[in-house]
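Report on the following structure.
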Amino acid sequence: MTKSHARGITVKGRSYGGSNFLYDCLSGSYGLKYAFKTYEYLWGAKQVTFECCALNWAADKSYNALAIYSDRGVEAYEEYEADSATTRTVSCTIGSVTGDSFLIEPSAGTYLSATDFIWTCYIFHMIYKKQQDLTHGYYLIPVYFSVPYTRRLNTEFEAAIGVKAAYGGTGTPSEQRYHFQLVELYNGGQTLLDEEIVFMEPGEARALTLRATFDEDMKQYCLSAWYYDASANEYRRMCGICWRIKDASPGSGEYATIDIDCVEP
């Protein structure tokens, strides 16, 4: 039995075979829903609250996990029996972060069996200081992702990322170079599938769509955005999503839009 056909198996009172996914079920400003609350830049000596929400896909029930990780380690972690109609939320409060950058990573995962666990969807957001030397005060605000969580094998898919360019420095802002890429992940490495380089002024919003072919059940992909540091001739990671696509054959599959609430601290 393949992973894609492991649907709602129950072992010792727990069900397996779903595909936990970050999902828009948190209440934001103006009544909008989102999947992840994060912050534009580092917040210094104050406390801020991160939260994320997930929904189980592809099986009536599944034993899942939902977590928030950071550079400090595990900020929140919960395992639970999930059904396909109920959302789950975790949150954490973090204070006094003043380092050069700070990684925050909400993560949703599922057990395929009692001993076989995988992360099926996670977002990473690297938060910099407003006047960060590494980014010269420039950063990206993540707005949303749109990715397929199920897809028919050997068909092309699209993955979209929405961002807004921002500037937190004290000088006169200018157009900057950003790099967007879609890769597939495997043990020990990755393969670049599609990429695009764009130039944006602070305040400019942009939606990018990259494409690849889905050719293996539960293969993991990452869609990410980077800032180009011309002085060091290298890219600085900003934000992205990594997720697994579950085989929907013979159907066509479904997409999920994952909205981000990125606010000032």
Quick check on region 18-30. Is at least one of its residues open to solvent by less than 10 Å² (accessible area, probe 1.4 Å), over 22 Å from ASP261 (Cα atoms) and out of contact with any Asp or Glu (no Cβ under 7 Å at 6 or more places or on another chain)?
yes
Restricting to region 196-245, count the residues that are modelled with pLDDT of 95 or more, within 20 Å of SER101 (Cα to Cα) and among the small types (Gly, Ala, Ser).
3
Picking from ASN187, ASN154, which residue would you name as being farther than 24 Å from TRP57 by Cα and either surrounded by fewer than 16 Cβ atoms within 10 Å (Cβ to Cβ) or of a type in the set (S, T, N, Q) (or both)?
ASN187
All positions within region 247-265 that are over 17 Å from the mean Cα position of the chain (by Cα), on the phi < 0 side of the Ramachandran plot and not in a loop (DSSP other than H, G, I, E, B):
ASP247, GLU254
Failed item, numbered, when VAL163 is tested on (1) open to solvent by less than 50 Å² (accessible area, probe 1.4 Å); (2) of a type in the set (Val, Ile, Thr); (3) out of contact with any Pro (no Cβ under 7 Å at 6 or more places or on another chain):
(3)
Strands (runs of 3 or more DSSP E) fully within region 57-120 counting 3 or more residues that are within 19 Å of LYS37 (Cα to Cα) and either among the polar types (S, T, N, Q) or open to solvent by 10 Å² or more (accessible area, probe 1.4 Å) (or both)
73-83, 87-97, 101-111
Over 18 Å from the mean Cα position of the chain (by Cα) and at pLDDT 95 or above: does that describe GLU51?
no
Complete set of residues in region 82-111 that are modelled with pLDDT of 95 or more and of a type in the set (Asp, Glu):
GLU105
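Any residue in region 169-178 that is in contact (Cβ under 8 Å) with a residue 40 or more places away in the chain, farther than 16 Å from SER224 by Cα, part of a strand (DSSP E or B) and not aliphatic (A, V, I, L, M)?
For region 169-178, residues in contact (Cβ under 8 Å) with a residue 40 or more places away in the chain, farther than 16 Å from SER224 by Cα, part of a strand (DSSP E or B) and not aliphatic (A, V, I, L, M): present.
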Do the conditions hold for LYS219, that is, is it of a type in the set (Lys, Arg), surrounded by 15 or more Cβ atoms within 10 Å (Cβ to Cβ) and either within 19 Å of MET126 (Cα to Cα) or touching a residue at least 40 places away in the same chain (Cβ under 8 Å) (or both)?
no
Within region 160-181, track down each residue that is touching a Leu at 6+ places or on another chain (Cβ under 9 Å) and among the charged types (D, E, K, R).
LYS164
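The values are calculated or read from the model by the stated rules, or taken from the named source; none is laboratory data. Note that this is a predicted model, so its numbers are computed, not measured. We place every Cβ from the backbone using ideal geometry, glycine too, and count neighbours over all the protein chains shown. What goes into the accessible areas is simple: the full protein's heavy atoms, side chains included, and nothing from ligands, DNA or RNA. Shrake-Rupley method; radii C 1.70, N 1.55, O 1.52, S 1.80 Å.
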